[in-house]
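Inspection log for the structure reproduced underneath, given as structure tokens.
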Amino acid sequence: MKFFLDTADIDEISEAASWGALAGVTTNPTLYARVGGKLADFNDHIKRICDIVGPDCPVSAESLAMTRDDLVRDGRELAAIAPNVVVKIPTMVEGLAATRTLADEGIRVNMTLCFTVPQALLAARAGARYISPFVGRFDDISEDGIEQVANIVDAVGNYDFSQNTANGEQVEVIAASIRSANHVTQCALMGADIATVPFGVLKKMVGHPLTDRGIEAFVADWEKVK
Ligand code: E4P
């Protein structure tokens, strides 16, 4: 499983990138608003993130346009920021149509706000490089977000969509809206390709009380042998 950071916060991204295990970043309008971002600075902000994480880490930047023509226009503009930009587009009819056009131009799309197997299969068929089912938000409405991601991983894995995506790459499922380290465990066990996690969850993934206690004991015993 690869780990993406789900944030637009430059400090969090710089810190997580320095840990050596970061494979990408996902942003959305809410996350950008949370760091005080302004529309006029959005492309520069995405460029900064791309520069921090490097060319091998995909960085998702979302378009909230509502027509296929506007989504395609935004997608081309976002993709021109850096080669590792992935255009994030909501799952909807206009989004599918725009995804087809962008994928045919070699532009990678992350189809977001995906909640069902049919949505995921349509996204893959339309050429999405990444599909983002949301765990937490599904749980929020008393549905089983983990089960839904598992179903999407299984269904997408049943087929070869590489002829549909930009540059013939395999589709990858990003487990999104992750709220806990336990969500990560469950998504990894079911075979999700990627988990995109908030920085708070990433920090919790590193630690365990027994690890901390073990380090303390080893350090204390090492003092004795000095
Ligand atoms: C990532 O692609 C999503 O936009 C994000 O994970 C949504 O998370 P939330 O449901 O916690 O807002």
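The values are calculated or read from the model by the stated rules, or taken from the named source; none is laboratory data. What you see is a predicted model; the values in this text were computed from it and never measured. Counting neighbours? That spans all protein chains shown, and the Cβs are built from the backbone with ideal geometry, glycine included. The accessibility values were calculated without ligands, DNA or RNA, using every heavy atom of the protein model including side chains. Shrake-Rupley method; radii C 1.70, N 1.55, O 1.52, S 1.80 Å.
With each run of n ≥ 4 DSSP H residues scored as -39500 (n - 2.57), what mean residue ellipticity at 222 nm is computed for the chain after dividing by its residue count and rounding to the nearest 500 deg cm²/dmol? For the chain, the value works out to -15000 deg cm²/dmol.
Give me the percent relative contact order of the chain, please, defined on Cα pairs under 8 angstrom at least 6 residues apart. Don't skip to the answer; put the middle values down first.
Working: 418 pairs, mean separation 38.9, N = 226.
Worked out over the chain, it gives 17 percent.
Stretched out straight at 0.36 nm per residue, the stretch from T67 to M1 would grow longer than its current Cα-Cα span by 20.4 nm.
Proximity of backbone amide H atoms, modeled 1.01 Å from N, is registered between E172 and Y130, I131 at under 5 Å, excluding neighbours fewer than 5 places apart on the same chain.
Work out how much length N43 to N167 would gain on full extension: take 0.36 nm times their residue separation and subtract the Cα-Cα distance, in nm to one decimal.
Working: separation 124, 0.36 × 124 = 44.64 nm, distance 2.40 nm.
Contour length minus the Cα-Cα distance gives 42.2 nm.
Lysine pair count for the chain with Cα-Cα distance under 24 Å and sequence separation of 8 or more or different chains is 7. Computed from Cα atoms alone, the Kirkwood hydrodynamic radius reported for segment 10-139 is 14.9 Å. The alpha carbons of segment 111-226 stretch over 63, 36, 21 Å along the principal axes, in descending order. To put it simply, the accessible area of the chain at a 1.4 Å probe is 54 percent carbon and sulfur.
Rounded to the nearest Hz, the phi-derived 3J(HN,Hα) couplings of segment 129-137 under the Karplus curve 6.51 cos²θ - 1.76 cosθ + 1.60 (θ = phi - 60°) are 7, 10, 10, 10, x, 9, 6, x, 5, where x marks glycine and proline. Compute the accessible area per residue over segment 60-118, keeping the other protein chains in place, probe 1.4 Å, unit Å². Averaged over the residues of segment 60-118, the accessible area is 39 Å². The packing ranking, built from the mean of other Cβ atoms within 10 Å per residue, places the peptides 112-122, 84-94 in the order 84-94, 112-122, highest first.
With one equal scatterer per alpha carbon and no solvent term, the Debye-computed log10 I(q)/I(0) for the chain at 0.15, 0.17 1/Å reads -0.94, -1.20.
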